[in-house]
1. Could you go through the stretch 88-101 in sequence order and give the Karplus-derived ³J(HN,Hα) for each residue, using 6.51 cos²θ - 1.76 cosθ + 1.60 with θ = phi - 60°, rounded to whole Hz, and x for Gly and Pro?
2. Output the relative contact order of the stretch 1-158, whole-number percent, from Cα pairs under 8 angstrom with separation of 6+ residues.
3. Which whole-Hz couplings ³J(HN,Hα) result when phi for each residue of the stretch 385-390 is put into the Karplus expression 6.51 cos²θ - 1.76 cosθ + 1.60, θ = phi - 60°, listed in order with x for Gly and Pro?
4. With the cut-off at 1.5 for a/c, could you classify the stretch 312-397 from its C-alpha gyration tensor as rounded, prolate or oblate?
5. Please compare each pair in LYS32/LYS56; LYS9/LYS32; LYS67/LYS185; LYS220/LYS257; LYS153/LYS237; LYS60/LYS220 to a cut-off of 28 Å on the Cα-Cα distance and tell me which ones are over it.
6. On each of the three principal axes of the Cα atoms of the stretch 114-240, give max minus min coordinate, whole Å, ordered largest first.
7. Which value in deg cm²/dmol, rounded to the nearest 500, describes the helix-derived mean residue ellipticity at 222 nm for the chain, given -39,500 (n - 2.57) per DSSP H run of n ≥ 4 and division by the residue count?
8. Of all trypsin sites (Lys or Arg not before Pro) in the stretch 74-172, which ones are in loop regions per DSSP and have a Cβ with at most 14 other Cβ atoms within 10 Å?
Amino acid sequence: MNIHEYQAKQLLKEYGAPVSDGRVVLRAEDAKTAAGELDGPLWVVKAQIHAGGRGKGSFKEESAGDKGGVRLTKSVEEAAEEARKMLGRTLVTHQTGPEGKQVNRIYIEDGSGIEKELYLALLVDRVSSRVSFVASTEGGMDIEEVAANTPEKIVTFSVDPASGLSAFHGRRVAFALGLEGAQVKQCVQLISQLYKMFVERDMEMLEINPLIVTDKGDLKCLDAKMGFDGNALYRQKDILALRDETEEDPKELAASKFDLNYIALDGEIGCMVNGAGLAMATMDIIKLYGAEPANFLDVGGGATTEKVTEAFKIITSDPNVKGILVNIFGGIMRCDVIAEGVVAAVKEVGLQVPLVVRLEGTNVEEGKKIINESGLAVIAADDLGDAAQKIVKEVKG
């Protein structure tokens, strides 16, 4: 789960990390009051969406102006006007895709004098099963671009959970960032604060970009992104309360409410599979035969007819889907349950695209009987290769 920048900065503030003073604005008429509570003389107006590249982004609507989603203003009135221009408009960045995201929240904060821009992040390293730090002197840029062009400017290391964090780690980051004097001490303290927050709040990702050295020589977190482990949200009730469902894919949101593992993709063939490994193999074989999967969808081993019905409805709600492949290998999951769910879903939402079903395993004969006697225009397949070829042929004509 992700949160907005202003929420991330409030969390940073709770742990003592240095951030600018700011106010969130939900309605244009409140912008002037919010800006007036800040000291100035520079006010920064930021669109709040769950995507990077806001400053370089552009709005679809001409009335929003062409200054991107981060704007510098020099008066309360100007800040309020820029906030009014952005609220309710659609911001397109390199991370949102061409459809963009609607700006429903604006963050106005005090401007900062910037001497140097740096990059700092904490991530869960899946290989070592440790928390890793990523630091670079190239702040304010996409870290992927830095990694591709100047990888030597990125320093990465992990923290051994047995020994835990020490001041040495903070000094290592400070050295990597080229800090000196009092900044080193500030960095050691900041690293301690960030690591504590990362572990206590069950984070997956914490990115400070840029981490700046101000014109007064102090460190400050100028921007922040945070991602949290969805499996741990049951013990992070205050974090869960920050969730903005308008920023999430409606299909993924619906899937989460039925405990379905669903990720939307850009292809044309919808997939419903049981088991993550089989789902990955199904997507691979679709690509092998010349098409693209529209989603990753694992209904799990203990899916009910209701869950299967909802999964099917989510797939068919995607306008990009031109065909559907149901691929079930029944171990714990029973093929007859899948068949009942598919039949129920098709009768409820209709079937406007080709549907190929491959069933194998527990109660497979019962499942095939349910499909065959349903009267639905379902194409049966004998194995995964056969299923993939048939659905690709139907979609590609």
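The numbers here are math on the coordinates, done by the rules we state, and not lab data. Predicted model only: the values in this text are computed from it and were never measured. Using ideal geometry, Cβ is built from the backbone for each residue, glycine included, and neighbour counts are taken over all protein chains shown.
1. Result, ordered by residue: x, 8, 9, 9, 10, 10, 5, 9, 7, x, x, 6, x, 9 Hz.
2. Reported relative contact order: 22 percent.
3. Calculated HN-Hα couplings, in order: x, 4, 5, 5, 5, 5 Hz.
4. Since a/c reaches 1.5 but b/c is at least a/b, the shape of the stretch 312-397 is classed as oblate.
5. Long pairs (Cα-Cα over 28 Å): LYS67/LYS185; LYS220/LYS257; LYS153/LYS237; LYS60/LYS220.
6. In descending order, the Cα extents are 42, 31, 28 Å.
7. -10500 deg cm²/dmol
8. Those that pass, being in a loop and sparsely packed, are LYS74, ARG126.
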